[in-house]
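Participant: Quick one: the structure is below, questions incoming.
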Amino acid sequence: MPIYHHLGQLPPKRHTVFKSPAGAFYYEQLFGTVGFDGMSSLLYHLHRPTQVQAVLDPVDLRPSLAVEHNIMSRKLIGFDVAPVDDFLQSRTPLLVNNDVVIGVAAPRQSLTDYFYKNADADELLFVHRGTGTLHTLLGQIPFVPGDYLLIPRGMIYQIAFNETGPADADSTGNRLFYVESTSPMYTPKRYRNHFGQQLEHSPYSERDLKLPQDLETHDERGDFVLKIKKEGILHTLVYDYHPFDVVGWDGYNFPYGISIHDFEPITGRIHQPPPVHQMFETKACVVCSFVPRLFDYHPQAIPAPYNHSNIDSDEVLYYVDGNFMSRNGIGPGVLTLHPGGIPHGPHPGAMERSIGKTGTDELAVMVDTFRSLRLTTQAMGIDDGVYFQSWREEGK
Ligand SMILES: [Fe+2]
């Protein structure tokens, strides 16, 4: 995150002696990404963060692929993915390539009896339903529906939901949409100045960020299970000390939240292209927020998008709420995939319906990937199978 943040106690100068009031050393850790070129933070631990006690049997989490070469537009019913107790097991990969994993999750229980780290990818969790708190070794972030939680690779975390237990399969429980990106996920560079500050034309500002707070420092010895995802394999390591033993940290590499409801839409006299909706960028994909907004105000404007050929990217839309103006038969929790290589556009009647309308209450997250997506076996289980024909005119 290109702003400086700090929590807890710090020595006045980096890489110098830092001790507790009782005289015990604190142990410094540089936590960076992209070698020594990316953003980094300096952490001070009560105990050396290297004390591995045991390594248990790994579990293969690599997605099972059903369609490796896809040219069909797809409609996936995300809320048909059944709730699962465990947070990691609830995560259901749907669309994948070598850069990203896109999926949904309906966790019934909080992740509190072990710790988790994704060593492969930055994780973007979008909270569709549910409230709770993300606990990390750098502080806590309370969340509510509409929040994006961006967790840089390597962050150790747990997640607590305020409502747990049995959930109806029709989506009354916790619901997440997530993206794992092997390329670091940042705010778009064009929104920032030379110093990293969000510019005036940016649809959100630093004040909208939910920074980690209330650093938890645990001084506990025991058997602490840390599950680490690396190259698609889930490794289980047991550490001697509680992973959340940081007494202070500062820097630029930390998890944060931002609400989709704090994204200020950019509108125009005629239709604005998707980049005005951009929320995050990576080398693997872009993430956009479609939020309630006034429509175009030219007297002859057509608010619905034109047909477009996203020839270089696959487009994934996750529908959150409201009436999505360019699509028929779409509800919350539905994902659509519009593959690169063929054009897509408004459904029959949608363009005509949009003329003269003054606004939309649609809420959706879009992920455009730069490499083609493959469908997992779980995706095929919730694919409606006919969406690719949904642009045909009646009677044909
Ligand atoms: Fe599109």
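Participant: Could you tell me which residue of the stretch 235-278 is nearest to Ala304 (Cα to Cα), considering only residues that are crowded, with 20+ Cβ neighbours inside 10 Å and within 16 Å of the ligand (Cβ to nearest atom)?
Facilitator: Applying the filter and picking the extreme gives His277.
Every residue, every condition in (1) over 15 Å from the mean Cα position of the chain (by Cα); (2) buried (at least 21 other Cβ atoms within 10 Å of the Cβ); (3) farther than 23 Å from Met279 by Cβ, yes or no:
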{"site": "Arg91", "(1), (2), (3)": "no, yes, no"}
{"site": "Ala105", "(1), (2), (3)": "no, yes, no"}
{"site": "Arg108", "(1), (2), (3)": "yes, no, yes"}
{"site": "Thr112", "(1), (2), (3)": "yes, no, yes"}
{"site": "Arg129", "(1), (2), (3)": "no, no, no"}
{"site": "Pro142", "(1), (2), (3)": "yes, no, no"}
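Participant: Next question, about the same structure. With Arg353, Arg327 as the choices, which residue is free of Cβ contacts under 8 Å to residues at least 24 places away in the same chain, surrounded by 13 or more Cβ atoms within 10 Å (Cβ to Cβ) and of a type outside the set (Ser, Thr, Tyr)?
Facilitator: Just one listed residue meets the conditions, Arg327.
Participant: Determine if the stretch 360-373 includes at least one residue that is farther than 28 Å from Asp147 by Cβ, open to solvent by 60 Å² or more (accessible area, probe 1.4 Å), at pLDDT 95 or above and part of a loop (DSSP other than H, G, I, E, B).
Facilitator: The initial filter retains those residues of the stretch 360-373 that are farther than 28 Å from Asp147 by Cβ, namely 372.
Filter again for open to solvent by 60 Å² or more (accessible area, probe 1.4 Å), leaving 372.
Still in the list and also at pLDDT 95 or above: 372.
Those still in the list that are part of a loop (DSSP other than H, G, I, E, B) too: 372.
Taking every residue of the stretch 360-373 in turn, at least one turns out to be farther than 28 Å from Asp147 by Cβ, open to solvent by 60 Å² or more (accessible area, probe 1.4 Å), at pLDDT 95 or above and part of a loop (DSSP other than H, G, I, E, B).
Participant: Within the stretch 12-26, is there a residue that is surrounded by 15 or more Cβ atoms within 10 Å (Cβ to Cβ), touching a Leu at 6+ places or on another chain (Cβ under 9 Å) and either without any contact (Cβ under 8 Å) to a residue 12 or more places away in the chain or part of a strand (DSSP E or B) (or both)?
Facilitator: Pass one, the stretch 12-26, residues surrounded by 15 or more Cβ atoms within 10 Å (Cβ to Cβ): 18, 26.
Okay, now just the ones that are also touching a Leu at 6+ places or on another chain (Cβ under 9 Å), so 18, 26.
Remaining after also requiring either without any contact (Cβ under 8 Å) to a residue 12 or more places away in the chain or part of a strand (DSSP E or B) (or both): none.
Checking the stretch 12-26: not a single residue is surrounded by 15 or more Cβ atoms within 10 Å (Cβ to Cβ), touching a Leu at 6+ places or on another chain (Cβ under 9 Å) and either without any contact (Cβ under 8 Å) to a residue 12 or more places away in the chain or part of a strand (DSSP E or B) (or both).
Participant: State the number of residues belonging to the stretch 277-312 that are among the hydrophobic types (A, V, I, L, M, F, W, C), without any contact (Cβ under 8 Å) to a residue 60 or more places away in the chain and either over 13 Å from Met351 (Cα atoms) or in contact with a Lys or Arg (Cβ under 6 Å, 6 or more places away or on another chain) (or both). Let's see the steps before the verdict.
Facilitator: We begin by selecting, within the stretch 277-312, every residue among the hydrophobic types (A, V, I, L, M, F, W, C); these are 279-280, 284-288, 290-291, 294-295, 301-302, 304, 311.
Within this subset, residues satisfying the condition of being without any contact (Cβ under 8 Å) to a residue 60 or more places away in the chain are 301-302, 304, 311.
Narrowing the set further to residues that are either over 13 Å from Met351 (Cα atoms) or in contact with a Lys or Arg (Cβ under 6 Å, 6 or more places away or on another chain) (or both) leaves 311.
Final tally of qualifying residues: 1.
Participant: Among the candidates Val334, Val320, Val316, which residue alone is within 26 Å of the chain's Cα centre (by Cα) and within 14 Å of the ligand (Cβ to nearest atom)? Before you say what the answer is, go through the steps one by one.
Facilitator: Details: Val334 fails: within 14 Å of the ligand (Cβ to nearest atom); Val320 fails: within 14 Å of the ligand (Cβ to nearest atom).
Among Val334, Val320, Val316, only Val316 is within 26 Å of the chain's Cα centre (by Cα) and within 14 Å of the ligand (Cβ to nearest atom).
Participant: Within the stretch 298-334, can you find the residues that are closer than 15 Å to Arg74 by Cβ, assigned to a strand (DSSP E or B) and among the charged types (D, E, K, R)?
Facilitator: Asp314, Glu315, listed by residue number.
The values are calculated or read from the model by the stated rules, or taken from the named source; none is laboratory data. Quantities reported herein were computed from a predicted structural model and do not represent experimental measurements. Heads up, the Cβs are rebuilt from the backbone with ideal geometry, glycines too, and the neighbour counts pull from every protein chain shown. Accessible surface is based on the protein model in full, side chains and every heavy atom, while ligands, DNA and RNA are left aside. Shrake-Rupley method; radii C 1.70, N 1.55, O 1.52, S 1.80 Å.
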